[in-house]
Amino acid sequence: VVLYNTLIHGLSSCGRMVEAVAVFEDMQQNNGCSPSIATYGALIDGFSKSGDLRGATETWNKMMADEGCVDMVNVVVYTSMVDVLCRHWMFDEAYALIERMRRSSCHPNTVTFNTLIGGLAGSGRTERARTIFEEMGRYGCIPNVTTYNELLGGLLKSEGTKEGLEFFKEMDSNGIVKPDLVTYNSVLRSVSRSGMLVLVLQIFGKMVSSGIEPDNFTFNTVIDAYSRQRRVGFAIRIQDRLSCRGYWCPDIVAYNSLLWGICRWFGPEKAGSYLEKMMVNHGTNP
RNA sequence: ACAACUUUU
């Protein structure tokens, strides 16, 4: 069963739901295996990630009709259902489901709330996200760094860099959660998109001195932000310096951003010759 | 270490 679950999870998480369902059928019909709660969990999550509300709901119903699993239904599966609903912006339904969890003695946890808050914040509903954020404590759920990162991301995207930076300062000084790599990456994204180069460097410095190692997301984020503006030349210089010193090996995402920028600001001709150079110099597969 | 949450093209 574990083997089947692993297989289903693998297919589900790259969107191959038709095959995942085929394996699900096969395990029962040809090998007499009974799905476990993790089997249903993997399937529901797969449907959720591919935006298939019906598929997720049907799987949920199958699970509820499965003698061996009804009583095993747990917070993980509920959270996946909350996730599907959020992806369809059915936030009232998601909230109702959390209420139902509480009543059915399957208590929501921090991840459950994070799923809802992430959905709200990611769709511009920052006010509502904050309300839930304040409410989760009453359910005995303590916000963690992910919760804060979700709110921060929402603020940066829908309320603007300034609002977001204020939240970041609060987060940094109140000592409840410590800003992490994702926190800094989000902030750097907004700040470099606003073109505030000095601030980018300051924040980057703060990040490094807090002992956080920048990763590909960090560099790609900044490179992309500057490629979108007229600053592609600048983006290329950053890339060159970092890779010459061996700090970073640019990946395919970075090259995509640079190419987009060169194409947009200097025309396809230039982009073509850059593409050739990049293949020779770095052995990257476009 | 069989399933759920946040950052880049």
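We did not get these values from a lab; they are worked out from the coordinates using the rules stated. For clarity, every value in this text was computed on a predicted model and none was experimentally measured. Don't worry about glycine lacking a Cβ; one is built from the backbone with ideal geometry, like all the others, and counts go over all protein chains shown.
When each pair of different Cα atoms in the stretch A:54-143 is counted once in the 1/r mean, what is the Kirkwood radius in angstroms, to one decimal?
Values: mean 1/r = 0.0748 Å⁻¹.
Computed over Cα pairs of the stretch A:54-143, the Kirkwood hydrodynamic radius comes out at 13.4 Å.
As an exercise, use a Förster radius of 25 Å and the Cβ-Cβ distance of residue A:3 and residue A:106 to find the FRET efficiency, rounded to the nearest 0.05. Please list the in-between numbers first.
Details: r = 27 Å, r/R0 = 1.10.
The calculated FRET efficiency here is 0.35.
In what sequence do A:77, A:18 fall when counting other Cβ within 10 Å, fewest first? Provide the component values of the computation, followed by the final result.
On the way: A:77 23, A:18 8.
So the ranking, lowest neighbour count to highest, is A:18, A:77.
Length available on full extension from residue A:247 to residue A:260: 0.36 nm per residue minus the Cα-Cα distance, which gives 2.3 nm. The residues A:120, A:201, A:165, when put in order of fewest to most other Cβ atoms within 10 Å, stand as A:201, A:165, A:120.
Hey, could you get me the Stokes-Einstein D for the stretch A:87-222, Kirkwood radius over alpha-carbon pairs, 25 °C and 0.890 mPa s, rounded to whole µm² s⁻¹?
On the way: Rh = 15.7 Å.
Translational diffusion coefficient: 156 µm²/s.
Using Cα-Cα distances under 8 Å and only pairs 6 or more residues apart, what relative contact order does the stretch A:1-97 have, in percent? Provide the component values of the computation, followed by the final result.
Details: 116 pairs, mean separation 24.4, N = 97.
About 25 percent, as a whole number.
For A:148, A:255, the sequence from fewest to most other C-beta atoms within 10 Å is A:255, A:148.
Tell me, in nm to one decimal, what length is gained between residue A:199 and residue A:273 on full extension, where the rule is 0.36 nm per residue of separation less the Cα-Cα distance?
Numbers: separation 74, 0.36 × 74 = 26.64 nm, distance 3.29 nm.
Residue separation times 0.36 nm, minus the Cα-Cα distance, leaves 23.4 nm.
Across all directions, the average flat footprint of the convex hull enclosing the Cα atoms of chain A is 18.1 nm². Adding -39500 (n - 2.57) for every DSSP H run of four residues or longer, then dividing by how many residues chain A holds, sets the calculated 222 nm ellipticity at -22500 deg cm²/dmol.
Between residue A:163 and residue A:88, the simple spin-label model (points 7 angstrom out along Cα→Cβ) gives 2.8 nm.
Please state the charge dipole magnitude for chain A, taken about the Cα centre, from unit charges on C-beta atoms (+1 on K and R, -1 on D and E), reported in debye and rounded to the nearest 20. Write out the running numbers ahead of the final one.
Details: 28 positive and 30 negative charges, 260 e Å.
Dipole of chain A, to the nearest 20 debye: 1260 debye.
Which FRET efficiency, nearest 0.05, do residue A:29 and residue A:99 yield, Cβ-Cβ r, R0 35 Å? With a Förster radius of 35 Å, E is 0.40.
Between A:131, A:59, A:39, the GNM of chain A built on Cα springs shorter than 10 angstrom shows A:131 fluctuating the most.
Rounded to the nearest 20 debye, the dipole magnitude of the stretch A:183-286 is 380 debye, with +1 charges on Lys and Arg beta carbons, -1 on Asp and Glu beta carbons, and the Cα centre as origin. Between residue A:67 and residue A:280, the simple label model (points 7 Å from Cα in the Cβ direction) yields a spacing of 7.1 nm.
Pairwise Cα distances in the stretch A:160-264 exceed 19 Å in 43 percent of cases. The mean sequence separation of alpha-carbon pairs under 8 Å and at least six residues apart, normalised by the residue count of chain A, gives a relative contact order of 8 percent.
Filter the chymotrypsin sites (Phe, Trp or Tyr not before Pro) in the stretch A:74-138 to those in DSSP coil with at most 16 other Cβ atoms within 10 Å of their Cβ, and list the result.
Taking the stretch A:74-138 and a limit of 16 other Cβ atoms within 10 Å, the loop chymotrypsin sites (Phe, Trp or Tyr not before Pro) found are A:89.
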